[in-house]
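Engineer: Mind having a look at this structure? Questions to follow.
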């Protein structure tokens, strides 16, 4: 049971993110099926029949995922609650969140039953699907942040509802739209054109919901950079801006620039990028469910001055920190003073934690120096990789196509530096050190870098083809999404938030870079040529951020 | 360590009233290693999916916060108040929330919650027999959206 509690905080966030993703696709696919495909049948019966099967399978797949994830998320919370209250499960099962989860599961089962039968979607079944979808969403709102608010609850519940409807209309329908592009070009274009009004309505509802969140959960600009909730919400809005740019380009290609060469293929690529960014947005949304709204955290926020100070470039730390380094005791003295002051402030305010949560120990100057050293050196490697990839994109410096080999430097750095007490730097032998799971993790990470470098190098040389080409961009995308999905401090632990603020731009760059590399690989040529410059530029930005990274 | 000093939520220093609380596992670890994980994230963005993600520092989170309390955190009082009152930023499921008082003898004493008068307010009468010493009030609440949160409020009674 202790393991369960230790896992509870992080696992609940991951489950929430996955559940949001599954539910959004489920709701979007229901709308796509009932409100886009069925009317399409009057004009293009063959295409509609084919697309109907696709949408139905999506509803079934996403429905099963939603059902399973709803159950898992509720079960985890029930077990954690029963464990912490030291009571039986029966006493916990009547809780509001359990009832909301049961409602959601019942609605999902109804959706699955209605989608089970193949064949034409008669009006009654259409109505049933839409009603069940609305019930599912209402149940989801009943288990959301808004339900627990003491003020503005009605407005926030409405905002949550319309926000999620908007996400379903736009982001949730993208997989069905993408699969619709398998149809012959005329039919695919018609599907795309009919999708546009749903996407536009989705954007409007998302923004309407966001306005409600701004009023009820955030409340002002200082909260955006001063709290974890605000920073994540701000990042979500940046990604929404990117999504709008892609959606706008698709609208132009589908409605205004129909004669552009390979126009539909461009739309398909943009839709793929929209899906990737959409997953990241939902990852943030899942993460946001775990933090208190910014409006509730009025004290101990990060100030604009602190943000500017942290992001002001300084001299990278490129020498190994040592006890002889005179800067270390000075930094430690400053940290000790800060810790005492923080303790004093904390004693005067009630603290709150999730069961199983641990606090980071007091900051240690030696550790910070090591962290900065690691980040800064890694920044050099990533910067060099980005620059070499930019030169490679110019096609004027042939040997730069070997840029993946630069990652070997990173492998050596990680392998040697990750655990200084272990061979070859320390006294503990390599095999003896492998009894420590953390050392194993670090060595595995280093070996993954090695494998990754060699694989991408082989791709560059044309020795690896097919799906292996996507290892690099998909890893960037997954990395970016995971950076956004990790959990956050409940209160405003300033230092953690400042570290997080410095990682958010990296996540965005990783996502944009991953999308660009996919476009470069999949074409069309006109997009690939431009995308070939974008992802190396993202790596240059990531490397630059790492090079100036500081923790104090 | 002063009696109102905040430590890790599930930890207690030796000789402290918190010591008897069964410790829950926590994630504290040497910071250098955690920092390496943090570095792995951006620098190995491409690799996160392949295994570096577990290295990320991830302090957990929740969102029922105490907005005000009686007694106040760190309060030094001449006599015990008749009841403890906690106001939260969330609606609370009173039936699935708890308060426990740890006195100078380190023994946990469950407090019976008063009937609900306000969805965001949790109250419990204090025993009239509290003597002088350091106390820790441990609260755990279930917000109606399903989030479990707990925390401690330390206070000292100087005696009558």
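The values are calculated or read from the model by the stated rules, or taken from the named source; none is laboratory data. These numbers were taken from a predicted model, which means no experiment stands behind them. Ideal geometry is used to build each Cβ from the backbone, glycine not excepted, and the neighbour counts take in all protein chains shown.
Engineer: Mind listing whichever residues of region A:59-114 are without any contact (Cβ under 8 Å) to a residue 40 or more places away in the chain and within 10 Å of chain B (Cβ to nearest Cβ)?
Structural biologist: Within region A:59-114, A:74, A:78, A:81, A:82, A:85, A:86, A:87, A:91, A:92, A:94, A:95, A:98 qualify.
Engineer: Only one of (1) exposed (fewer than 15 other Cβ atoms within 10 Å of the Cβ); (2) within 13 Å of chain B (Cβ to nearest Cβ); (3) at pLDDT below 75 is not met by residue A:349, so which one is it?
Structural biologist: (1)
Engineer: Name every residue in region A:17-48 that is at pLDDT below 90 and within 14 Å of chain B (Cβ to nearest Cβ), in order of residue number.
Structural biologist: A:17
Engineer: Considering A:239, A:156, which residue is in a helix (DSSP H, G or I), touching a residue at least 60 places away in the same chain (Cβ under 8 Å) and farther than 23 Å from residue A:268 by Cβ?
Structural biologist: Checking each option against the conditions leaves just A:156.
Engineer: Checking residue A:444 against (1) modelled with pLDDT of 80 or more; (2) surrounded by fewer than 19 Cβ atoms within 10 Å (Cβ to Cβ); (3) touching a helix residue (DSSP H, G or I) at 6+ places or on another chain (Cβ under 6 Å), which single condition isn't satisfied?
Structural biologist: Residue A:444 satisfies all of (1) modelled with pLDDT of 80 or more; (2) surrounded by fewer than 19 Cβ atoms within 10 Å (Cβ to Cβ); (3) touching a helix residue (DSSP H, G or I) at 6+ places or on another chain (Cβ under 6 Å) except (1).
Engineer: Give the residues of region A:256-271 that are within 17 Å of residue A:525 (Cα to Cα), in contact (Cβ under 8 Å) with a residue 60 or more places away in the chain and part of a loop (DSSP other than H, G, I, E, B), sorted by residue number.
Structural biologist: Residues satisfying the conditions are A:261, A:262.
Engineer: Just checking, how many residues over region A:498-552 are within 13 Å of chain B (Cβ to nearest Cβ) and either in contact with a strand residue (DSSP E or B) (Cβ under 9 Å, 6 or more places away or on another chain) or not in a helix (DSSP H, G or I) (or both)?
Structural biologist: 5
Engineer: What do you reckon, is residue B:74 more than 13 Å from residue B:149 (Cβ to Cβ), in contact (Cβ under 8 Å) with a residue 60 or more places away in the chain and within 12 Å of chain A (Cβ to nearest Cβ)?
Structural biologist: So residue B:74 passes the test.
Engineer: Residue A:253 - would you say it is touching a helix residue (DSSP H, G or I) at 6+ places or on another chain (Cβ under 6 Å) and touching a residue at least 12 places away in the same chain (Cβ under 8 Å)?
Structural biologist: Yes, satisfied.
Engineer: If the requirement is being modelled with pLDDT of 90 or more and either assigned to a helix (DSSP H, G or I) or more than 20 Å from residue A:177 (Cα to Cα) (or both), which of these qualifies: A:91, A:104?
Structural biologist: Going through A:91, A:104 in turn, the sole match is A:104.
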